[in-house]
1. Looking at the stretch 186-197, which of its residues are under 26 Å from residue 106 (Cα atoms) and either part of a loop (DSSP other than H, G, I, E, B) or in contact with a Ser or Thr (Cβ under 8 Å, 6 or more places away or on another chain) (or both)?
2. Hey, does the stretch 63-73 have a residue that's within 21 Å of residue 192 (Cα to Cα), touching a residue at least 24 places away in the same chain (Cβ under 8 Å) and of a type in the set (A, V, I, L, M)?
3. Could you please find all residues in the stretch 127-153 being surrounded by 14 or more Cβ atoms within 10 Å (Cβ to Cβ) and without any contact (Cβ under 8 Å) to a residue 12 or more places away in the chain?
4. For the stretch 150-182, what are the residues that are in a helix (DSSP H, G or I) and over 14 Å from residue 93 (Cβ atoms)?
5. Kindly indicate whether any position in the stretch 34-52 is hydroxyl-bearing (Ser, Thr, Tyr) and touching a residue at least 12 places away in the same chain (Cβ under 8 Å).
6. In the set 46, 87, 27, which member is at pLDDT 90 or above and either in the same structural domain as residue 133 (by TED's automatic domain parsing) or buried (at least 19 other Cβ atoms within 10 Å of the Cβ) (or both)?
7. Tell me, which residue of the stretch 93-126 that is in contact (Cβ under 8 Å) with a residue 12 or more places away in the chain and outside any helix (DSSP H, G or I) is nearest to residue 163 (Cα to Cα)?
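The values are calculated or read from the model by the stated rules, or taken from the named source; none is laboratory data. Note that this is a predicted model, so its numbers are computed, not measured. Neighbour counts are summed over all protein chains in view; Cβ atoms, including those assigned to glycine, are modelled from backbone coordinates with ideal geometry.
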Amino acid sequence: MTLSLRDVKRSLTEQTIAEKAAALFKEHGFTQVSVRQIAKAAVVSEKTVFNYFPYKELIVLAGLQPALTDFMAEIQRQIDAITDPTEVLRHFATDLAALCSANPESMAIVVAELLSVDAERLTLSGRYVPDLYGPIRTVMTLARAQGKLRQEISVEAATDFFLSSVLNIIRTFFASARVDRVTPMLNLTLEIFLHGAFLPLATD
């Protein structure tokens, strides 16, 4: 598919706004940066910023899109290689924790947007945050096919519970300014989930 000149220009403008905003957020913090400052740095009008991003949090999601896409691409690669489901889930928790540690303020905003009850905000978030549900559901489906997921637990329930637990752990510890607890708590949550949803490993 060949993009028109207009589409290319729009994409470049959107990318410029996201990149300039990310630099400002990193230097001053999200709450200290105004849309006016972002517009000035990107050499566009405030109206243009709002045309691309109706609210400031969406700019954060756009700025993190490459990292989030790479993160989920690696998870998908493991799924395609039919990696053991428990190992894929471990990588998901570990790599997500690393992403959070590297971008604490931005990831807190990403998680808050993903847990929003506002349908419109969730739809807009989906433009920048890759699908988490689909790949994790595939992991649970693979676990079911391999006889590892308990029969009384549906694939959908396992997927919902796992993702909601992970996202809420991140939100809780960011809210209490205890980012250092995210990694150990994600690991603990994963172990509790595996113990409850997966059958124990067979021993000789």
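1. Step one: of the stretch 186-197, the residues under 26 Å from residue 106 (Cα atoms) are 186-190.
Matches in the stretch 186-197: 186, 187, 189.
2. Filtering the stretch 63-73 for residues within 21 Å of residue 192 (Cα to Cα) gives none.
Checked the stretch 63-73: no residue is within 21 Å of residue 192 (Cα to Cα), touching a residue at least 24 places away in the same chain (Cβ under 8 Å) and of a type in the set (A, V, I, L, M).
3. Hit for the stretch 127-153 is 144, nothing else.
4. In the first step, residues of the stretch 150-182 are kept if they are in a helix (DSSP H, G or I); the result is 155-175, 179-182.
Selection gives 155, 156, 157, 158, 159, 160, 171, 172, 174, 175, 179, 180.
5. To start, the set of residues in the stretch 34-52 that are hydroxyl-bearing (Ser, Thr, Tyr) comprises 34, 45, 48, 52.
Next, only the ones that are touching a residue at least 12 places away in the same chain (Cβ under 8 Å) stay: 48, 52.
Yes, the stretch 34-52 has at least one match.
6. Only one candidate passes the filter, namely 87.
7. 115
Residues checked against (1) under 17 Å from residue 113 (Cβ atoms); (2) in the same structural domain as residue 115 (by TED's automatic domain parsing); (3) of a type in the set (Phe, Trp, Tyr); (4) at pLDDT below 95:
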residue	(1), (2), (3), (4)
5	no, no, no, yes
22	yes, no, no, yes
31	yes, no, no, yes
41	no, no, no, no
